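Notes follow once the structure below has been shown.
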Amino acid sequence: MACETLQIPAASPGQHFQLTVCRFGTPGMEKKAYVQASTHADEVPAALTAMHLRRLLESAEREGRVRGEVVLVPAANPPGFAQALLGHHMGRYHLPTGRNFNRFWPDATQAVLAARKVFTDDPVANAARARSIMRTHLETLQPNAADEQLKLTLMQLAHDADIVLDLHTDDDAEMHLYVDPDHWPALTDLAGLLDAKVVMFARGSGGNAFEETVAAPFVALRETGVTCELPVTVTVELRGRLDVDDALAMRDGRALFDFLILRGIIDGEVQAAPEFSGIAAPFEATEPVRTPAGGICVFLKERGAYVEAGEVIAEIANPVTDTRTPVRTRAKGRLFTRCLHRLVHAGDVIAKVQGTMPLPGRCKGQLMTD
Ligand SMILES: [Zn+2]
């Protein structure tokens with residue numbers, strides 16, 4: 001393994017951040033996988049899983065079993081790791097700018113589309129050309145703030161990968177994935193290995209999340225009629241933020257490692273994986289359940305519960321008026337995420353329910369809740 005340390009330029013005098021990048025295998029040999037963890041820096045089960053994946057990759061490399069290339073960034077957000085305010089760590093937003101660490105990633109789509117004439121009818125060569133254009137485009141960018149510098153560095157590491165796994169964690173949640181619709185059902189093996197309960201098909205969701213932004217130039221090319229390989233880009237939500245457990249992280253790291261075996265990047269045997277038996281459906285069928293009132297959120301349903309449309313999943317207790325407001329779902333489906341904080345304000349998303357049919361008002365470009 002080669003380990004390198006990249007500098008994130010100082011945003012203020014005396015302040016420096018370092019990004020650790022672990023490289024396995026040989027660039028240009030077979031396929032490249034890129035894995036990053038905890039770009040939302042408060043989602044630490046992701047980084048713990050990356051530590052276990054790193055061990056497995058190290059041993060595979062010692063045994064000469066890395067056929068392709070793997071780039072692993074086990075702690076992808078040093079500025080976010082450092083953010084604390086009054087005793088509380090805050091890793092979702094870049095505090096100086098208020099920007100979400102997993103939105104507004106540098107997007108090379110327009111640069112690739114502008115060069116449409118260079119593409120032929122060879123999907124492999126076209127993907128290579130698109131990556132070359134992306135690389136050139138990224139080199140022209142001149143970010144300023146620390147979060148922008150970080151995003152550009154990470155995108156430069158990821159843009160030419162065939163497989164991109166972005167490891168996150170939700171609030172109080174079951175394992176779930178965001179994948180491009182064109183990679184389903186091909187990714188049922190990954191969903192089975194991870195024992196995912198929900199898989200969402202996300203494209204053009206809005207906000208330029210990392211996994212969608214890496215794939216966006218290829219998606220756009222294909223939509224213009226150019227045949228082009230589409231990288232496998234997945235956001236893996238490794239349960240909830242309090243699910244910090246070595247046994248779980250070891251199991252999840254092994255699942256990701258096995259996925260790399262199945263895709264031919266690592267040589268080896270794959271453990272038997274459960275069949276995927278969860279819900280796979282469009283992101284438009286995901287209901288972010290908002291509370292109509294503020295107060296103390298008392299859930300009536302556990303995570304993983306199946307709920308009917310209109311069912312009450314929580315009550316918002318108001319200790320001032322001594323009243324309770326029911327919170328009902330619109331979707332029928334699986335309650336796979338609940339909020340961790342229990343003092344809520346009107347309009348807060350307190351849970352997510354995965355149905356199978358797109359919901360009225362859930363529109364492309366506006367699917368993210370923050
Ligand atoms: Zn996240």
Legend entry - Rounded to 10°, Cα long-axis angle of helix 246-262 versus longest principal axis of the chain: 40
Legend entry - Convex hull of the stretch 283-354 built on C-alpha atoms - directionally averaged projected area, nm²: 4.2
Inset, instruction - With only Lys, Arg, Asp and Glu charged, each at its Cβ (+1 for the first two, -1 for the last two), find how big the charge dipole of the stretch 283-354 is about the Cα centre; round to the nearest 20 debye. - result: 140
Inset, instruction - Calculate the dipole size of the chain relative to its Cα centre from +1 charges on Lys and Arg beta carbons and -1 charges on Asp and Glu beta carbons; express the result in debye to the nearest 20. - result: 600
Inset, instruction - Mind giving me the nanometre distance, one decimal, between the label points for residue 5 and residue 242, set 7 Å out from Cα along Cα→Cβ? - result: 3.6
Legend entry - Acute angle (nearest 10 degrees) that the helix 210-223 long axis makes with the longest principal axis of the chain, alpha-carbon atoms: 70
Legend entry - Two-site FRET efficiency, residue 317 against residue 184, from Cβ-Cβ distance with R₀ of 41 Å, rounded to 0.05: 0.55
Inset, instruction - Only bridges with both residues in the chain count here: give the DSSP antiparallel percent, nearest 5. - result: 65
Inset, instruction - Rounded to whole Hz and in sequence order, give me ³J(HN,Hα) for the stretch 84-95 from the Karplus expression 6.51 cos²θ - 1.76 cosθ + 1.60, θ = phi - 60°, writing x for Gly and Pro. - result: 9, 9, 6, x, 10, 6, 9, x, 8, 10, 6, 4
Inset, instruction - Report the local net charge at residue 203: Lys and Arg +1, Asp and Glu -1, summed over other residues whose C-beta lies under 12 Å from its C-beta. - result: -4
Inset, instruction - Along Cα→Cβ, 7 Å out, is where each label goes; now give me the distance between the ones at residue 12 and residue 267 in nm to one decimal. - result: 5.2
Legend entry - Expected 222 nm ellipticity per residue - DSSP helices of 4 or more, -39500 (n - 2.57), all of the chain, to 500: -8500 deg cm²/dmol
Inset, instruction - Please name which of 344, 138, 46 has its Cα lying farthest along the dipole of the chain towards the positive end, using unit charges on Cβ (Lys, Arg +1; Asp, Glu -1) and the Cα centre as origin. - result: 344
Inset, instruction - Give me the angle, in degrees from 0 to 90, between the Cα long axis of helix 146-158 and the longest principal axis of the Cα atoms of the chain, rounded to the nearest 10. - result: 50
Legend entry - For the stretch 217-345, the Rg and Dmax computed from alpha carbons only, in angstrom: 20.4, 63
Inset, instruction - Take every Cα pair under 8 Å in the stretch 283-354 that's 6+ residues apart, average their separations, divide by the length, and report that relative contact order as a whole percent. - result: 43
Inset, instruction - Express in whole angstrom the spacing between the alpha-carbon centres of the stretch 308-324 and the stretch 333-370. - result: 17
Inset, instruction - Go ahead and collect, in residue order, the members of the stretch 341-364 whose backbone nitrogen is under 20 Å from a label point 7 Å along the Cα-Cβ direction of residue 300. - result: 342-355
Legend entry - Contact order normalised by residue count of the stretch 2-277, Cα under 8 Å, 6+ apart, percent: 26
Legend entry - About the Cα centre, charge dipole magnitude for the stretch 225-370 (Lys/Arg +1, Asp/Glu -1 at Cβ), debye: 580
Legend entry - For the chain, alpha-carbon Rg over 2.2 N^0.38 Å: 1.00
Inset, instruction - Just subtract the alpha-carbon distance of residue 51 and residue 116 from 0.36 nm times their residue separation and send over the number in nm, one decimal. - result: 19.3 nm
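No value in this document is a laboratory result; all are computed from the given coordinates. Note that the coordinates shown come from a computational prediction; the quantities given were computed from them, not determined experimentally. Neighbour counts run over all protein chains shown; Cβ positions are idealised from the backbone, glycine included.
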